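Colleague: Below is one structure. I have some questions about it.
The values are calculated or read from the model by the stated rules, or taken from the named source; none is laboratory data. Keep in mind that what you see is a predicted model, and the values were worked out from it rather than measured. For neighbour counting, all protein chains shown are included, and Cβ atoms are generated from backbone atoms with ideal geometry for every residue, glycine included. Surface areas here come from the heavy atoms of the whole protein model, side chains and all, with no ligands, DNA or RNA. Shrake-Rupley method; radii C 1.70, N 1.55, O 1.52, S 1.80 Å.
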Amino acid sequence: TSGALRTVYPSEPPQARPGLFVHWLDDNRVVEGGSLSDGGNLYYWAERTFRDAEGSLADRDPDSHGVTFLTLLGGERSPGWHQQATGAIHGLTFSTTPLDLRQAALEGVAFRFAEIADLMPEVEEIVATGGALLRNADWLQIMADALARPIGTSGVREASLRGAAVLALERLGESPARAPLGRVVEPRPDRAEAYRAARERQRRLYEAAT
């Protein structure tokens with residue numbers, strides 16, 4: 001329902017960095033990352049609210065609609081931890097369509113992920129999990145474009161369930177096989193500047209709202 005960008009370290013906890021969380025996974029590994037209150041839940045909200053929106057999103061320029069969506073409908077966790085924050089939409093005109101708003105909502109989540117990714121520059125590979133993201137090719141492409149980096153897709157149907165099984169198997173002395181990977185979505189260089197400008201608009205709206 002929510003969203004997170006996280007990585008696992010097989011060592012002592014790293015020094016806590018502003019905007020990120022650190023917690024133990026088991027006796028030998030820790031998790032560091034950032035979490036969003038809006039993720040798959042916002043995807044389904046947008047699908048329900050803008051159900052009249054028809055058409056592909058991935059081929060639309062992010063600046064074509066002029067709408068900035070601050071995706072804090074569930075409050076903010078990472079990186080600012082403004083729990084009482086609320087969402088905001090800026091740039092509405094009489095020409096704004098349901099498809100514009102749906103696109104701006106999904107871009108808004110991608111831009112929040114990009115803010116977290118900037119705090120974790122050492123991350124070399126990103127693998128997407130979660131039903132909402134993996135079932136929507138347009139959103140995957142938007143995510144890759146907004147982060148300006150390739151995004152692999154998980155070949156595991158239920159990633160959290162597999163994680164629990166891996167921990168149980170390791171306690172039994174077994175060595176689980178590596179998780180399978182699916183296709184890789186490449187960012188489109190010709191969209192980079194437009195996404196940078198759109199992300200900066202969201203950053204300004206975030207500063208005004210929080």
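Colleague: State the number of residues belonging to the range 182-210 that are open to solvent by 80 Å² or more (accessible area, probe 1.4 Å) and more than 18 Å from the chain's Cα centre (by Cα). Explain how you work it out, then say what you get.
Modeller: Narrowing the range 182-210 to residues open to solvent by 80 Å² or more (accessible area, probe 1.4 Å): 183-184, 186, 189-190, 193, 196, 204, 207-208.
Applying the additional criterion that residues be more than 18 Å from the chain's Cα centre (by Cα) yields 189-190, 193, 204, 207-208.
The qualifying residues number 6.
Colleague: In the range 170-201, what count of residues is obtained for those that are aliphatic (A, V, I, L, M) and modelled with pLDDT under 90?
Modeller: Filtering the range 170-201 down to residues aliphatic (A, V, I, L, M) leaves 172, 177, 179, 181, 184-185, 192, 194, 197-198.
Imposing the further condition that a residue be modelled with pLDDT under 90 reduces the set to 177, 179.
Number of matching residues: 2.
Colleague: Assess whether P62 counts as being of a type outside the set (D, E) and within 19 Å of D138 (Cα to Cα).
Modeller: yes
Listed here are the residues, each with its yes/no results for (1) in contact with a strand residue (DSSP E or B) (Cβ under 6 Å, 6 or more places away or on another chain); (2) open to solvent by less than 20 Å² (accessible area, probe 1.4 Å).
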residue: R17; (1), (2): no, no
residue: V22; (1), (2): yes, no
residue: E32; (1), (2): yes, yes
residue: R51; (1), (2): no, no
residue: L57; (1), (2): no, yes
residue: V67; (1), (2): no, yes
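Colleague: Okay, moving on. Of all residues in the range 74-88, which are under 12 Å from S2 (Cα atoms) and modelled with pLDDT under 95? Break it down into steps so the answer makes sense when it comes.
Modeller: Initial filter on the range 74-88 (under 12 Å from S2 (Cα atoms)): 74-78.
Matches in the range 74-88: none.
Colleague: Ok, one more. So how many residues does the range 9-60 have that are hydrophobic (A, V, I, L, M, F, W, C) and closer than 30 Å to T97 by Cα? Don't jump to the end; show me each part of the working.
Modeller: First, pick out the residues of the range 9-60 that are hydrophobic (A, V, I, L, M, F, W, C): 16, 20-22, 24-25, 30-31, 36, 42, 45-46, 50, 53, 57-58.
Next, only the ones that are closer than 30 Å to T97 by Cα stay: 36, 42, 45-46, 50, 53, 57-58.
So the answer is 8.
Colleague: So which residues in the range 18-46 are at pLDDT 90 or above and among the charged types (D, E, K, R)?
Modeller: Once the filter is applied, which keeps residues that are at pLDDT 90 or above and among the charged types (D, E, K, R), the range 18-46 yields E32, D38.
Colleague: Looking at E158, is it surrounded by 12 or more Cβ atoms within 10 Å (Cβ to Cβ) and at pLDDT below 85? Steps first, please.
Modeller: Details: surrounded by 12 or more Cβ atoms within 10 Å (Cβ to Cβ): yes; at pLDDT below 85: yes.
Yes.
Colleague: When you go through (1) surrounded by 15 or more Cβ atoms within 10 Å (Cβ to Cβ); (2) hydrophobic (A, V, I, L, M, F, W, C); (3) over 22 Å from F21 (Cα atoms) one by one for L172, which number turns out not to apply?
Modeller: Among (1) surrounded by 15 or more Cβ atoms within 10 Å (Cβ to Cβ); (2) hydrophobic (A, V, I, L, M, F, W, C); (3) over 22 Å from F21 (Cα atoms), L172 violates only (1).
Colleague: Residue by residue through the range 103-122, note down the ones that are over 18 Å from A192 (Cβ atoms) and open to solvent by 30 Å² or more (accessible area, probe 1.4 Å).
Modeller: L119, E122
Colleague: In the range 114-129, which residues are touching a strand residue (DSSP E or B) at 6+ places or on another chain (Cβ under 7 Å) and not in a loop (DSSP other than H, G, I, E, B)?
Modeller: Scanning the range 114-129 gives I116, A117, V127, A128.
Colleague: Turning to a different aspect of this structure: Identify, please: which residue in the range 171-202 is touching a residue at least 60 places away in the same chain (Cβ under 8 Å) and charged (D, E, K, R) and is, among those, farthest from G91 (Cα to Cα)?
Modeller: Start the filter on the range 171-202 by keeping residues that are touching a residue at least 60 places away in the same chain (Cβ under 8 Å), which leaves 191, 194-195, 197-199, 201-202.
Right, trim to charged (D, E, K, R) and you get 191, 199, 201.
Numbers: R191: 20, R199: 14, R201: 10 Å.
Per the stated criteria, the residue is R191.
Results for (1) without any contact (Cβ under 8 Å) to a residue 24 or more places away in the chain; (2) of a type outside the set (S, T, Y); (3) touching a Ser or Thr at 6+ places or on another chain (Cβ under 6 Å), shown as yes or no for each residue.
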site	(1), (2), (3)
D61	no, yes, no
L73	no, yes, no
T86	no, no, no
G130	no, yes, no
R135	yes, yes, no
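Colleague: Let me ask another. Please work out which one of (1) loosely packed, with under 14 Cβ neighbours inside 10 Å; (2) touching a strand residue (DSSP E or B) at 6+ places or on another chain (Cβ under 8 Å); (3) of a type in the set (D, E, K, R) is the condition D61 fails and give its number.
Modeller: Every listed condition holds for D61 apart from (2).
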